[in-house]
Amino acid sequence: MTDIILRADAVVREFPRGRRLFGPRSPALRAVDGVSLAINRGQTIGIVGESGCGKSTLARMMVGLLEPSAGRLEIDGQSIPALARHDRRSLHRRVQMVFQDPLGSLNPRKTVREILAAPLRALHGMDRTACNKRVAELMDLVSLRADFADRYPHEFSGGQSQRIGIARALAAQAEVIVLDEPVSALDVSVQAQVLILLAELQTRLGLTYIFISHDLAVVETIAHEVAVMNHGQIVEQAPAERIFADPQHEYTRLLLASALRAAPRSSG
Amino acid sequence: MPGLIFRRLLMVVPVLLGVSVIVFLVISLIPGDPARAILGTFATPENIADVTRQLGLDQPLPIQYVVWVSHLLHGDLGRSYILHKPVMDEIMARLFPTLLLAGAALVMASAGGILLGIVAAVRQNEWPDKLITISVLIGISTPSFWLGMLLILWFGVRLAWLPVGGMSEMFGGGGIGDIARHLLLPATTLAAVAGAVLVRLTRGAMLEVLRQDYVRTARAKGLTESRVIFVHAFRNALVGIIPVIGLQAGFVLGGAVYVETVFQWPGIGRMLVSAISTRDILLVQGGVLIVAAAYVLINLLTDLAQSLIDPRIRAS
Amino acid sequence: MSAPALNATMPARLSYPRDRPSAFARLTQNRMASFGLLLLSLIVVVVVAAPILPLAPPHVANVAQRLRPPLTPGHFLGTDQVGRDILSRLIWGTRLSLAVGVFAALIASLIGSAIGLLAAFRGGWIDTLLMRGIDMLMAFPYLLLALAIVAALGPGLVNAMIAITIVNVPFFARGVRGAALSIVRTDFMAAARLSGLSDARIVFWELLPNVMPGIVIGLSTTIGWMILETAGLSFLGLGAQPPQADLGGMLGEGRNLLQVAPHVATIPGLVILLLAIGINLIGDGLRDVLDPKLKSGGLARTHARTDAVSLEERSKGLPLPGAAARLPLAIRGLRTHFRIGRAIYAAVDGVDMAIAPGESVGIVGESGSGKTVTALSILGLVATPPGRIVGGEILHYGEELASATLSRLQEIRGRRIAYVFQDPQSTLNPLIRIGEQIAESIRRHQGKSAAEAMRLAVALLESVHIPDPEHKANAYPHELSGGQRQRVGIAIALANDPELIIADEPTTALDVTTQAQVLKLLNELRRERGAALLFISHDFGVIAAVCDRVHVMYGGRVVESGPVAEVLERPRHPYTQRLLACVPELGRRGRQVTPIPGLPPSTDALPPGCAFAPRCHRAAPRCSIGEITLDAVESDHYARCIRVNDA
């Protein structure tokens, strides 16, 4: 018996194109074009695709930052767009996001403590002492020294910044975390650190991940289920073991064939 | 390109409309009775009733505006009760001197500003740059009306090289050479501040552009440094400079008010100042409107120049 | 979406000291700004003290004493046309001008910033409406609108101030909106929303602090401007009304006496000038302190080539080149450093590398390893300042490039050695047609006519598989896709049949499917033409696909080098081993990635000995002592590790 936590049903998102004063109005750009998904509690779904395939737009709709033009998007049976409109805080206690650019997602003029305390206060109404205690716990959870809490973002490396971004998502105590290219701005050695951290947190806290990436190999290491997107549509979806071993769709095969491997014939 | 010009021309229409609304509103927001303001303190009640009717001031505001615009479209800006002649005639007689002065100043400011800006950027932190930077600082801090007086005092009075005011000699003047001699000091005064702003901007833009990746590409191709600077860097810097030239046109047209006053230049600016002190409201209204319209057209030109060098703007 | 910003020609992260001096302290360190500060404080002190200074009453006329020249006893600056003491009037007038300027600037910035913030944050029709209104106001020549307002309200200082305030609101509104828009679109604003913060809190706690420096800079420049403009209106007789006089009013009164008593007009003008200079200097200083773009390294002009110390000094201790002098490229002991502030970053710190004709050599490493700086040092393309070649030789068939004349270097650039850069979006000139960008290089080096060069350029576009090349030669870079742009980049590199192509992360900004095609093309074409290749990448997969040999860099040095297959399959240096273990491998789902603990060292504080030792699982105390050399572990396979043969 699977337990579906997040469901997308024929979700569409259009962006109006620049209107000309004269001439026919150009049709809207369909960034996401009828995506249906069901995501199981406690699992990781990887969404793979190249730039412009609509994966980031989909991610932003899932956390209520964008509204779908059509279709249904539900978390725990409740409509995400409706929650975003009427009860933003309750939505963000359920679903959070980690962004691609680690430094760009942290306000340069706030200390780490202020950044982490914001969701604690606004979403959970904690007072100052409770906040400080929880901030220390969160820092520990993402393996950062507690005394870093009073530093500013520019004092951290990309990998450390991304840990802070993850800690902020955890602060909301959301069950679902949408990770939009969380490791693609990081160097390989740091990328590995963050991937391991994410896996550990999932086991410990029972999180559900929606992991968005352009990198097939990264998705393969972390995802249980993989959806391949192209031109706003999901062209293939399957368990991770299957999709890489036996790709069905032509586009999936092309992606796999294009990936370059460090050691084609290696065995060690 | 013709399509682009057409589109830009169309975009000018709402701007001109907005400008006319603002001019109209400012004047109709005059506290008290506009007719009295127009006629001054010595008007008789009959005069006032007359003017009120003539100007349609007994009508609601939107109707007044429509009437005003329809007159405007026929070239009628009303009559000046001080000068006793149509506002349009007075403005037309003074438009050319103002445009000549502002145009000359803008050309001097742009040419000088860009040239010095490039020199400062290329010779950054060397003596030419330091000299230019200090002159720029003084330039943007100088009140133009004061600078004008100093120039008059020095070149007009002490050295007596150039005339101290007016646009031509009273007797036997009016030739191109004569006007140019009269133009030199006021245009220089007006150009000084605008030019200083452009020097600073050009220097900054060049330094910024010279750090761009495509400049490194140009150098990697083995191009000579002069080609790198003038073809690859300068063209890109110009994209940022041209809109500011447009902006400076506005400052020059406005600053002309001071300079015309100091140099007794027979332009619209001086007319406006005296019209304001004599409360000749219609003359102010017409003058501001016409100069603003000229400015809108200058901005249209800089817009077009901008899209001429930047294909990305053409596309959008 | 897929571009990790790994290519850094400058150290990616500047280290900020924890106890960074406050903005004010940094302002006073700026010589010009402190001069401005001093000038302005002097004026302010005098002006504030005006009521208690022993001054003659400013408004009392004394016709008997009229038009006394400066330095008259009792009237230090002389008297005006009705015999009022100029010094006294000057001080009181300055007081008035300064107060009006500051007050008007504050009000204008307050209203303008509110409009700008609202427009940027709300967007949609509110933005459109507000900004169209602002556009209308800006359609007027600046001063003219102020005149119209004064005309409507009537002359007077308060009315002049209102007019000047109104005409300045649009500048603030526009500037603040622009700055705020770039912030509104950042991820941290989205994150603030996700943190459950209310709109008001987001605007005042997240957005405003980031826009504030811009507002402060705008305010500081505007005060000077406002003083000039209100003085102008008073000069015209539309501002302060007699007997009250601000500086402009005094100037206006003195204008008619210009020839008789020039001091009456020139002295107030001089004070306006000093006041404006003081304020502008402070404004410039604030800009330098608060604008992050200027803060990081300063907008120094990049030189035509990287500075280098003399060859004599650089080649000290190097052995004779020998066979290396016959290679298209031999780098020996190269050291390129960056000086930023007081810190020195040893981005490249002793790199050796040789490339034989037709060979394909890779450099792999993480950001900050020095791979890109190595590549850019070869033809002196590292930005100077702050870069500088401080050691080693760069030999091109025995000719040392860092000491060649600029014109000789320019002959080699693009002709013998050519580059393909990382991001084709920013590395092509946006204003020049792509055909011309290729052709100019052909004209430069082969002296062909314009028509002939363009014909060759079109042929090159065809050979890099640009469809419809004749037509596309007239296209601008923005009209091409990312993959096509990088093909143009390759065409530029191939234009003069160079002997060596240096490709710096050429496919990092591209999607995987495009990357595969571009790599294949690059490799085929350079083989056909017999060009050697130096390929820089952070991606082992890409290196494996194109290179014969590879150098692994860490902390500005090569830590391992050898044939690609050999290094990838049997890495000998612990860093290479651990780095390979970090790379997730497609099709091997069971295999966990194993991260390397810690962070790469900052190159301004490299540890002694092996730079990797602090993170190395096999490090011994002696790893952190003295110089560790790059030694052969097998024929043609080298590693910089003293424990390489320990069990």
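Here, each number is a calculation from the coordinates, and none is a lab measurement. A quick note: this is a predicted structure, and the numbers were derived from the prediction, not measured. All Cβ positions, even for glycine, are placed from backbone atoms using ideal geometry, and neighbour counts span all protein chains on display.
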May I ask you to sort B:Thr52, B:Thr202 by Cβ crowding, counting other Cβ atoms within 10 Å and putting the fewest first?
B:Thr52, B:Thr202
Binned at 10 Å from 0, what are the whole-percent values of the Cα-Cα distance distribution for the stretch C:450-542, short to long?
16, 50, 31, 4, 0
With Rg and the Kirkwood Rh both taken from Cα atoms, where does Rg over Rh land for the stretch C:445-488?
0.99
Cα-based Kirkwood hydrodynamic radius, chain B, one decimal, Å:
22.3 Å
Quarter of Cα convex hull surface for the stretch B:61-192, i.e. mean projection, nm²:
13.2 nm²
Given q = 0.08, 0.10 Å⁻¹, what are the Debye log10 I(q)/I(0) values for chain C, with equal point scatterers placed on the Cα positions and solvent ignored?
-0.80, -1.01
Amide H contacts under 5 Å for C:Tyr419, placed H, 5+ residues apart
C:Gly414, C:Ile502
Which ³J(HN,Hα) values, rounded to whole Hz and listed in residue order, are derived for the stretch A:95-110 from phi using the Karplus coefficients 6.51, -1.76 and 1.60 in 6.51 cos²θ - 1.76 cosθ + 1.60 with θ = phi - 60°, glycine and proline given as x?
9, 10, 9, 10, 9, 5, 7, x, 6, x, 9, 10, 5, x, 9, 10
For the protein assembly as shown, one quarter of the surface area of the C-alpha convex hull, expressed in nm², comes to 56.0 nm²
Taking just the C-alpha trace of the stretch C:407-484, give me its Rg and Dmax in Å.
12.6, 36
How much net charge surrounds C:Arg443 when only other residues with a Cβ under 13 Å from its Cβ are counted (Lys, Arg +1; Asp, Glu -1)?
+3
All-pairs Cα distance distribution in the stretch C:19-67, expressed in whole percent, bin size 5 Å:
4, 16, 14, 13, 12, 11, 9, 7, 6, 4, 2, 1, 0
What fraction of the DSSP beta bridges in the protein assembly as shown is antiparallel, stated in percent and rounded to the nearest 5?
60 percent
Nearest 500 deg cm²/dmol is fine: what mean residue ellipticity at 222 nm does chain B get from its DSSP H runs of n ≥ 4 alone, each adding -39,500 (n - 2.57), divided by its residue count?
-25000 deg cm²/dmol
Regarding the stretch C:259-367, what are the three Cα extents along the principal axes, ordered largest first, in Å?
86, 33, 28
For a test of the definition: using alpha carbon positions, the gyration tensor, and the 1.5 limit on a/c, classify chain A as rounded, prolate or oblate.
oblate
Please determine, in degrees from 0 to 90 and to the nearest 10, the orientation of helix C:208-235 with respect to the longest principal axis defined by the Cα atoms of chain C, where the helix direction is its Cα long axis.
40 degrees
Length-normalised contact order of the stretch C:180-279 in % [C-alpha pairs under 8 Å, at least 6 apart]
20 percent
Counting sequence-distant residues (5 or more places) and residues on other chains, those with an amide H built under 5 Å from that of A:Val178 are A:Gln96, A:Met97, A:Val98, A:Ile210
Here the stretch C:477-488 yields Karplus 3J(HN,Hα) values (6.51, -1.76, 1.60; θ = phi - 60°; whole Hz; Gly and Pro given as x) of x, 5, 8, 10, 7, x, x, 5, 4, 5, 5, 5
Based on other C-beta atoms within 10 Å, arrange B:Ser277, C:Ser367, C:Ser22 from fewest to most.
C:Ser22, B:Ser277, C:Ser367
With an 8 Å Cα cut-off and a minimum separation of 6 or more residues, compute the relative contact order for chain B in percent.
26 percent
Taking only Cα atoms of the stretch C:349-452, what ratio of Rg to Rh do you get with Rh as the Kirkwood inverse-distance radius?
0.98
Check which residues have an amide H placed less than 5 Å from C:Ser360's amide H, if you skip close sequence neighbours.
C:Leu533, C:Asp548, C:Arg549
Residues other than B:Val122 with Cβ under 10 Å of its Cβ, Lys/Arg counted +1 and Asp/Glu -1, net out at 0
May I ask you to sort C:Arg132, C:Arg388 by Cβ crowding, counting other Cβ atoms within 10 Å and putting the fewest first?
C:Arg132, C:Arg388
Just the projected area, averaged over all directions, of the convex hull on the alpha carbon atoms of the stretch B:2-73: how many nm²?
5.7 nm²
For the pairs C:Lys472/C:Lys520; C:Lys448/C:Lys472; B:Lys221/C:Lys472; C:Lys371/C:Lys472; C:Lys448/C:Lys520; B:Lys221/C:Lys371, note any where the Cα-Cα span goes beyond 27 Å.
C:Lys371/C:Lys472; C:Lys448/C:Lys520
Let me test this: with uniform point scatterers at the alpha carbons of the stretch C:520-629, what is the Debye-based log₁₀ I(q)/I(0) at q = 0.15, 0.18, 0.19, 0.24 1/Å?
-0.76, -1.00, -1.07, -1.41
